[in-house]
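Engineer: I have a structure here, written as structure tokens, and I will follow up with some questions on it.
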Amino acid sequence: MCVLRGRGIIEASRRFFGKKFFGKKYVTVRRRAGAPILLNQTPLIMEYTTLGSTGMEVSRICLGCMSLGSRGWKDWVLEREGSRKIIERAIDLGINFFDTANMYSHGESERILGEVLSDHNRDEMVVATKVYFPPEKDPHRNATGLSRKTIEQELEASLDRLEMDTIDLYQIHRWDYDTPIEETLRALDDAVRQGKVRYIGASSMWAYQLAEALHTSERQGLERFQAMQNHYNLLYREEEREMMPLCRRKGVGSIPWSPLARGFLARPHDEIEATLRGKTDDFADRHPYFEGGGKEINERVKELAEEKGATMAQVALAWLLHQDGVDAPIVGTTSIQHLEEAAKATEIDLSGSEQDYLEEPYEPVPVSGHE
């Protein structure tokens with residue numbers, strides 16, 4: 001039973017979803033009040049789940065804000081007005097989960113997100129941001145890392161740019177090899193106790209590092225990481241070896257970044273370099289997406305998308321949403337159309353055999369994304 005909730009609307013739907021799709025969680029389904037319904041279109045009903053063990057309800061699609069900010073940072077990033085339209089449309093679609101970072105567009109991403117959300121009911125939104133990489137073009141020595149000094153000063157700067165008193169999910173962007181994890185956790189624990197942060201999370205690292213952090217929190221009575229923003233998609237599944245099982249066992253929610261492999265799962269592999277991002281995204285070249293069976297996976301995604309009358313991106317996202325332990329893939333886009341298509345990926349059901357067909361060509365690749 002999935003409950004359809006909205007202001008003035010309470011009804012029950014007996015739409016069936018496979019057990020693997022929802023894992024062990026109940027998912028709330030609803031349309032945002034006031035969201036426009038276009039003629040001749042079925043209204044989108046967004047799905048929600050709890051993030052990890054927090055009890056906090058988030059949309060199953062998280063809007064990633066790396067591509068929103070300033071082209072002075074990256075050529076493929078949207079400027080202020082285009083960014084505002086993306087965020088507003090995401091809210092219309094029922095997305096209430098937004099992920100940014102202090103470093104995106106040197107802080108401009110946080111600033112734009114804060115401005116847009118200030119026009120809405122802030123209590124309905126879940127905002128996540130990150131600390132580790134420096135936000136400045138010419139950073140000083142303590143602008144990077146996870147020392148208490150860096151965390152405290154960067155947290156205050158993020159709160160100011162976001163125009164918020166409290167950040168819902170504050171994440172470490174990477175592991176800091178120069179700062180003991182206990183020092184980092186104590187600074188984050190203090191931020192929670194001061195009411196500046198509600199929950200803390202982590203991003204790409206080795207599974208043993210997350211295990212060490214969780215053990216340190218338990219041993220010292222400190223706040224623990226509630227979410228893992230890890231690198232996970234059909235073309236990069238190394239997280240399935242240790243990280244995903246650890247997250248499931250410890251109740252840590254997975255919110256994967258690059259669910260479309262930086263666009264490599266959104267279009268046929270021979271068309272990727274024709275896009276602006278394909279030509280200029282230096283981040284994409286760091287990942288082994290087309291090593292091993294990557295090209296064949298890309299072709300199978302295209303084939304299945306055509307069979308289902310869906311886009312490649314929708315099929316790739318649907319596969320990720322079917323994985324046990326995944327709460328909300330982080331989808332970044334500069335296109336309203338692509339955002340709408342991503343939101344509808346929650347409606348696509350993949351059978352076990354279809355998932356197997358997509359997964360079969362995969363071969364182990366070098367670990368990527370921890371740097």
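The values are calculated or read from the model by the stated rules, or taken from the named source; none is laboratory data. For clarity, every value in this text was computed on a predicted model and none was experimentally measured. Heads up, the Cβs are rebuilt from the backbone with ideal geometry, glycines too, and the neighbour counts pull from every protein chain shown.
Okay, residues lined up against (1) out of contact with any Lys or Arg (no Cβ under 7 Å at 6 or more places or on another chain); (2) surrounded by fewer than 22 Cβ atoms within 10 Å (Cβ to Cβ); (3) hydroxyl-bearing (S, T, Y); (4) not in a strand (DSSP E or B):
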residue	(1), (2), (3), (4)
I200	yes, no, no, no
H215	yes, yes, no, yes
A227	yes, no, no, no
E239	yes, no, no, yes
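Engineer: I would also like to ask the following. Which condition number does R248 fail, the rest of (1) modelled with pLDDT under 95; (2) of a type in the set (D, E, K, R); (3) in a helix (DSSP H, G or I) being met?
Structural biologist: Condition not satisfied by R248: (1).
Engineer: Checking A342 against (1) at pLDDT 95 or above; (2) under 19 Å from M244 (Cα atoms), which single condition isn't satisfied?
Structural biologist: (2)
Engineer: Look at segment 159-184 and say how many of its residues are surrounded by 17 or more Cβ atoms within 10 Å (Cβ to Cβ), among the charged types (D, E, K, R) and not in a loop (DSSP other than H, G, I, E, B).
Structural biologist: Total satisfying the criteria: 2.
Engineer: Quick check on this structure: which one of G94, G107 is part of a helix (DSSP H, G or I) and of a type in the set (G, A, S)?
Structural biologist: Numbers: G94 fails: part of a helix (DSSP H, G or I).
On inspection, the qualifying residue turns out to be G107.
Engineer: Which residue out of L159, L146 is under 21 Å from M66 (Cβ atoms), touching a helix residue (DSSP H, G or I) at 6+ places or on another chain (Cβ under 7 Å) and without any contact (Cβ under 8 Å) to a residue 60 or more places away in the chain?
Structural biologist: Selected residue: L146, the only one of L159, L146 that is under 21 Å from M66 (Cβ atoms), touching a helix residue (DSSP H, G or I) at 6+ places or on another chain (Cβ under 7 Å) and without any contact (Cβ under 8 Å) to a residue 60 or more places away in the chain.
Engineer: Also, I was wondering about something else. Give me the pairs: first residue in segment 115-143 and more than 25 Å from W257 (Cα to Cα), second residue outside any loop (DSSP other than H, G, I, E, B) and not small (G, A, S), beta-carbon distance under 8 Å, and six or more apart or on different chains, which are they?
Structural biologist: Close Cβ pairs (under 8 Å, with a partner that is outside any loop (DSSP other than H, G, I, E, B) and not small (G, A, S)) amount to H120/I91; N142/K149; N142/T150; N142/Q153.
Engineer: Does S105 count as polar (S, T, N, Q), touching a residue at least 24 places away in the same chain (Cβ under 8 Å) and touching a helix residue (DSSP H, G or I) at 6+ places or on another chain (Cβ under 7 Å)? Give the derivation first.
Structural biologist: On the way: polar (S, T, N, Q): yes; touching a residue at least 24 places away in the same chain (Cβ under 8 Å): yes; touching a helix residue (DSSP H, G or I) at 6+ places or on another chain (Cβ under 7 Å): no.
Judged against the criteria, S105 is not a match.
Engineer: So, Q314, is that one part of a helix (DSSP H, G or I) and out of contact with any helix residue (DSSP H, G or I) (no Cβ under 9 Å at 6 or more places or on another chain) or not?
Structural biologist: The answer is no for Q314.
Engineer: For segment 286-337, enumerate the residues that are more than 15 Å from S258 (Cα to Cα), in contact (Cβ under 8 Å) with a residue 40 or more places away in the chain and of a type in the set (A, V, I, L, M, F, W, C).
Structural biologist: Hits for segment 286-337 are I297, V301, L304, I336.
Engineer: Shifting gears a bit: Quick one: is R141 of a type in the set (D, E, K, R), outside any helix (DSSP H, G or I) and surrounded by fewer than 19 Cβ atoms within 10 Å (Cβ to Cβ)?
Structural biologist: Considered against the rule, which asks whether it is of a type in the set (D, E, K, R), outside any helix (DSSP H, G or I) and surrounded by fewer than 19 Cβ atoms within 10 Å (Cβ to Cβ), R141 comes out as yes.
Engineer: Hey, another quick one. Could you please find all residues in segment 123-137 being among the charged types (D, E, K, R) and either modelled with pLDDT of 95 or more or in a strand (DSSP E or B) (or both)?
Structural biologist: Across segment 123-137, the qualifying residues are D123, E124, K130.
Engineer: Oh, and also: For the subset of segment 144-158 comprising residues that are of a type in the set (G, A, S) and assigned to a loop (DSSP other than H, G, I, E, B), which member is farthest from L185 (Cα to Cα)?
Structural biologist: Our first condition is that a residue be of a type in the set (G, A, S); within segment 144-158, this holds for 145, 147, 157-158.
Those left that are additionally assigned to a loop (DSSP other than H, G, I, E, B): 145, 147.
On the way: G145: 13, S147: 10 Å.
Top of the filtered list is G145.
Engineer: Do we find a residue being in contact with a His (Cβ under 8 Å, 6 or more places away or on another chain), in a loop (DSSP other than H, G, I, E, B) and surrounded by fewer than 18 Cβ atoms within 10 Å (Cβ to Cβ) anywhere in segment 349-363?
Structural biologist: For segment 349-363, residues in contact with a His (Cβ under 8 Å, 6 or more places away or on another chain), in a loop (DSSP other than H, G, I, E, B) and surrounded by fewer than 18 Cβ atoms within 10 Å (Cβ to Cβ): absent.
Engineer: Could you tell me which residue of segment 69-90 is surrounded by the most Cβ atoms within 10 Å (Cβ to Cβ), considering only residues that are under 20 Å from the mean Cα position of the chain (by Cα) and basic (K, R)?
Structural biologist: For segment 69-90, the residue satisfying everything is R89.
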